[in-house]
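Everything below concerns the one structure shown next.
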Amino acid sequence: MPEVHARLSASGSKKWLNCPGSIQMEETFQDNSSLFAKEGTTAHALGEAKIKLALNQYNRVKYHNAIKNLEITEDMEEYTEDYKDFVIEIFNAAKGKTSDSLIYIEKMLDFSLWVPDGFGTGDVVIVGDGTLEIIDLKYGNGVRVSAENNSQMRLYALGAINAFDYLYDIKQIRMTIYQPRMDNISTETISIAKLIAWGEEVREKAAIANDDKVTECIAGDHCDSGFCRARAVCRSYAEKRQKLAVYDFKRPAKLSVEEIADIIDQADKISKWVKTVNDYALDQALNHGVEIPGFKLVEGRSNRKYAKDESEIVAHLKSLGYQEDDIYTRSLKTISNMEKLLGKKTFNDVLGDYVVKPQGKPTLVHINDKRPAINSVNQATEDFKDITNKGE
Ligand code: SF4
């Protein structure tokens, strides 16, 4: 669930646990994350309503009222239906073991015993003897989220222990990320003892991150995966990105394949970083009157466009005797637009046999990319001979 933010938020914990200075650094930038979270918020609201309907916490009228103003796509309808089924299945399994198991939807979880003013909202919390379950719906489809060592989930788990440990004999917590658009269900199970020990480490780090006298910034993977808002101005991040400069290009000695791999890896990160700095500089110059030495603001290049509404242009041309065939170009909708129009299931039923996915050209990607590697040079050459020929 998109959170109402605490200063040391669970969703931002990967940053402040690894970079104590990030709290202060980010506070100087506006948090625009909620602007991009609309789709996720809608999916959460729909998922919540579906679960409550299935649990008889909502009748049909309440359900209708809860979803009537949501902009729901057909895909979202299907994904949240699957999410609801998943949650109900877990709850039924819990009831099979402990008949008085409880389920909470959108449960506020207070983990302030470990993190100053720390709280967050658990999408689903299921409590029974032995195991406490936390399920978090992630509606994004950009980055696959793992539940393993996931500090956001573990902070929610601490909040859940804080709320329910006195009621039930909980021995372990199972935390699940449900990310339907990436076909990803990731789970971590952790004992109470291990969770509490982790919480003690967090307590120390949280106190440091919350101390305004601490300004140390430590760059790492968390800068990008946590979408740190300070990346455009952070020196630690800049130094990490400029690691490429350590290569002594003046000497023409042949680079090793390891160095070449490092350069490709760094170049991608550097180009993203340069764009971040560029966007920041533009915003400073345009909206805050800051002069960037050696640069000036100019109008960007633009293309011609019709100055009036399409219907007016068409009426004008027709009045001059032009026919529809002269005015319009007819073309088949793209696959994505056709799928949007028909819905995923109907699209597959109706057009499944009419769609092919050609083999892509060989591309060098990071080892973590989920596509399978092409292992054999000869095999790759055979497989892609046709494609390469056609592409020439
Ligand atoms: S960019 Fe990275 S190092 Fe810099 S403040 Fe953000 S999290 Fe810390």
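A few remarks follow.
- Accessible area per residue was computed with a 1.4 Å probe on protein heavy atoms; HIS288 scores about 120 Å².
- Amide H to amide H distances under 5 Å link ASN184 with GLN179, where only residues 5 or more positions off or on other chains count and H is placed in the peptide plane.
- Cα centre as origin, Lys/Arg/Asp/Glu Cβ charges: the chain dipole, Debye: 600
- What the phi angles of region 113-121 give under the Karplus curve with 6.51, -1.76 and 1.60, with θ = phi - 60°, is a coupling list of 5, 10, 10, x, 6, x, 8, x, 10 Hz, glycine and proline written as x.
- In order along region 314-323, the phi-based Karplus estimate (6.51 cos²θ - 1.76 cosθ + 1.60, θ = phi - 60°) of 3J(HN,Hα) comes to 4, 4, 4, 5, 5, 5, 8, x, 6, 8 Hz; Gly and Pro are listed as x.
- For LYS318, the lysines whose Cα comes closer than 17 Å to its Cα, not counting residues fewer than 8 places off in the same chain, are LYS308.
- Of all lysines in the structure, those lying under 25 Å Cα to Cα from LYS171, and not within fewer than 8 positions of it along the same chain, are LYS95, LYS97, LYS107, LYS194.
- Sequence-distant contacts, meaning Cα pairs under 8 Å at least 6 residues apart, place the relative contact order of the chain at 16 percent.
- Spacing of the two label points (7 Å from each Cα toward its C-beta) at PHE295 and GLU78, in nm: 4.4
- Heavy-atom accessible area per residue - the chain, 1.4 Å, Å²: 67
- With 0.36 nm allotted per residue and the present C-alpha distance subtracted, the VAL350-ILE264 stretch has 26.7 nm of extension available.
- Sum of -39500 (n - 2.57) over DSSP H runs of 4+, divided by residues of the chain (222 nm, nearest 500): -14500 deg cm²/dmol
- Gyration tensor (alpha-carbon) shape descriptor, region 1-156, a/c threshold 1.5: oblate
- Mean Cβ count within 10 Å, highest first, over the residues of peptides 316-326, 48-58, 276-286, 293-303: 48-58, 276-286, 316-326, 293-303
- In this Cβ point-charge picture (+1 for Lys and Arg, -1 for Asp and Glu), region 161-302 has a dipole of about 440 debye about its Cα centre.
- Taking amide H as placed 1.01 Å from N in the peptide plane, the amide H of LEU137 sits under 5 Å from that of ASP123, TYR178, each at least 5 places away or on another chain.
- Cα-based shape type of the chain, given that a ≥ b ≥ c are square roots of the gyration tensor eigenvalues and the cut on a/c is 1.5: oblate
The values are calculated or read from the model by the stated rules, or taken from the named source; none is laboratory data. Worth saying up front: this structure is predicted, and the values here are computed from it rather than measured. We place every Cβ from the backbone using ideal geometry, glycine too, and count neighbours over all the protein chains shown. Just so you know, the surface numbers come from the protein's heavy atoms only, side chains and all, with ligands and any DNA or RNA stripped out. Shrake-Rupley method; radii C 1.70, N 1.55, O 1.52, S 1.80 Å.
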